[in-house]
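The values are calculated or read from the model by the stated rules, or taken from the named source; none is laboratory data. On a predicted model such as this, the values are computed, not experimentally measured, just so you know. As a convention, Cβ positions derive from the backbone with ideal geometry for all residues, glycine included, and neighbour counts pool all protein chains shown.
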Ligand SMILES: *Cc1c(COP(=O)(O)O)cnc(C)c1O
């Protein structure tokens, strides 16, 4: 039976279902696979559907768990949209587009997998299951979309009032039914603190079964390894070489998934982390000392993280910093460079980047030619630019075409409840 082990305590173990429903391990650690199943790449033909590839990759992690039997079905439900690799500059530079899901960011993959898995778990209690999610932007929308109208589950989205873009707010508030959207008078940190407080509150625990769907959950990470596997196999088949990936990074969930795919045998060369002005990780790799700090606000807001949670997983894999440096490198890109890159690549390639994707494009543009030879390179496009049209349109001087999925969300009526950032206020809306 496959077990997952806490990064903080080797005695803290859980099977697949328990790791997914808990999120965080008791004691605050993150779950890591106890071993890495050998995936035979012969069994993984390039060009297979994502859902088929996903089921083959993930089922060994669920070995001995009741969910293993429904893995094919879970993956069909989660991977019902594509992650195309689009050439940008011949065979040398491509874009992995992760924004074709219902809320147009890569978080749809993880959120949909988690929803499909949790929806098939037998419930231990008769208390209603509430998923609390604090969000500064993309996560809340993806989680709400994934669980929308799922029977027996309610989603409560907490976002900082007045601190998300109009486009983002629409995506957090357009659901209704089993999704409750709360505009909290406070900061994102206040929203996160409230969620933590609710989990610790004995009264809440007695009345509801609470769960979280944040990015440290294994159920969001594992499915993200799938598109790296698929993309690297496709590029290897086409060019004969193992591609290198540049991943726009905040909490390092997406980058960790890329490293996991490589660990599982995907033909992946270098992995470069592109951060915004929040330089905790680039500084750590450079100086070898981890100095976490409060986040600073940037244009690439979904990456405004001063203390990236999944760094703990990467350090657990490569405890020696010298070793870690051979597996990863990182750069920091400030807002001025993000703006300039969106303009420049629109002019040069006709490409339109969201501010997050632009950090990856800028990291590539800064590389010296010798380093580029280590490619083929893949820019990971984490969100559709239409989600950030307020930023992007003035830079490129034309409207960003809106994909149909977002158009549908924009047309839905938005509703939210405004609350103070206190436990009493949260409890009173949870009671309905
Ligand atoms: C969440 C997000 C990121 C950062 O991903 P992590 O897994 O937290 O590193 C990057 N870009 C977009 C558009 C996001 O929504």
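Observations
- Filter result (away from the ligand (no atom under 16 Å from the Cβ), in a strand (DSSP E or B) and crowded, with 24+ Cβ neighbours inside 10 Å) within segment 61-112: 94
To keep it simple, each residue is scored yes or no on (1) more than 23 Å from residue 229 (Cα to Cα); (2) assigned to a loop (DSSP other than H, G, I, E, B).
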| residue | (1), (2) |
| --- | --- |
| 8 | yes, yes |
| 18 | yes, no |
| 21 | yes, no |
| 32 | no, no |
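- Exclusive hit being within 15 Å of residue 110 (Cβ to Cβ) and crowded, with 19+ Cβ neighbours inside 10 Å, set 233, 194, 252: 252
- Subset tally (residues that are farther than 16 Å from residue 341 by Cα and assigned to a helix (DSSP H, G or I)) for segment 395-404: 1
- Residue among 330, 351, 414 that is over 29 Å from residue 271 (Cβ atoms), touching a helix residue (DSSP H, G or I) at 6+ places or on another chain (Cβ under 8 Å) and outside any helix (DSSP H, G or I): 414
- Among the residues of segment 419-432, those identified as exposed (fewer than 12 other Cβ atoms within 10 Å of the Cβ) and either modelled with pLDDT of 95 or more or not in a helix (DSSP H, G or I) (or both) are 431, 432.
Listed here are the residues, each with its yes/no results for (1) under 15 Å from residue 171 (Cβ atoms); (2) touching a helix residue (DSSP H, G or I) at 6+ places or on another chain (Cβ under 6 Å); (3) within 16 Å of the ligand (Cβ to nearest atom); (4) in a loop (DSSP other than H, G, I, E, B).
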{"site": "363", "(1), (2), (3), (4)": "no, no, yes, no"}
{"site": "375", "(1), (2), (3), (4)": "no, no, no, yes"}
{"site": "379", "(1), (2), (3), (4)": "no, yes, yes, no"}
{"site": "388", "(1), (2), (3), (4)": "yes, yes, yes, no"}
{"site": "393", "(1), (2), (3), (4)": "no, no, no, no"}
{"site": "406", "(1), (2), (3), (4)": "yes, yes, yes, no"}
{"site": "409", "(1), (2), (3), (4)": "yes, yes, yes, no"}
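- Among helices (runs of 4 or more DSSP H) entirely within segment 177-264, having at least 3 residues that are within 24 Å of residue 124 (Cα to Cα) and away from the ligand (no atom under 16 Å from the Cβ) singles out 188-200, 202-207.
- All positions within segment 265-284 that are touching a strand residue (DSSP E or B) at 6+ places or on another chain (Cβ under 7 Å), part of a helix (DSSP H, G or I) and over 28 Å from residue 57 (Cβ atoms): 282
- Hey, residue 53 at pLDDT 95 or above and over 30 Å from residue 204 (Cα atoms) or not: no
- When residues in segment 141-161 are screened for being over 15 Å from residue 417 (Cβ atoms) and either without any contact (Cβ under 8 Å) to a residue 12 or more places away in the chain or assigned to a loop (DSSP other than H, G, I, E, B) (or both), 5 of them pass.
- Residue in segment 42-49 that is surrounded by fewer than 19 Cβ atoms within 10 Å (Cβ to Cβ) and part of a helix (DSSP H, G or I) present: yes
- Answer residue from segment 113-140, given it is within 16 Å of the ligand (Cβ to nearest atom) and free of Cβ contacts under 8 Å to residues at least 60 places away in the same chain and is farthest from residue 101 (Cα to Cα) among those: 135
- Here residue 257 meets each of (1) touching a helix residue (DSSP H, G or I) at 6+ places or on another chain (Cβ under 9 Å); (2) touching a residue at least 40 places away in the same chain (Cβ under 8 Å); (3) buried (at least 23 other Cβ atoms within 10 Å of the Cβ) with one exception, condition (2).
- Just one of the listed residues (291, 339, 343) is more than 16 Å from the ligand (Cβ to nearest atom), part of a loop (DSSP other than H, G, I, E, B) and either without any contact (Cβ under 8 Å) to a residue 60 or more places away in the chain or within 22 Å of residue 164 (Cα to Cα) (or both), namely 291.
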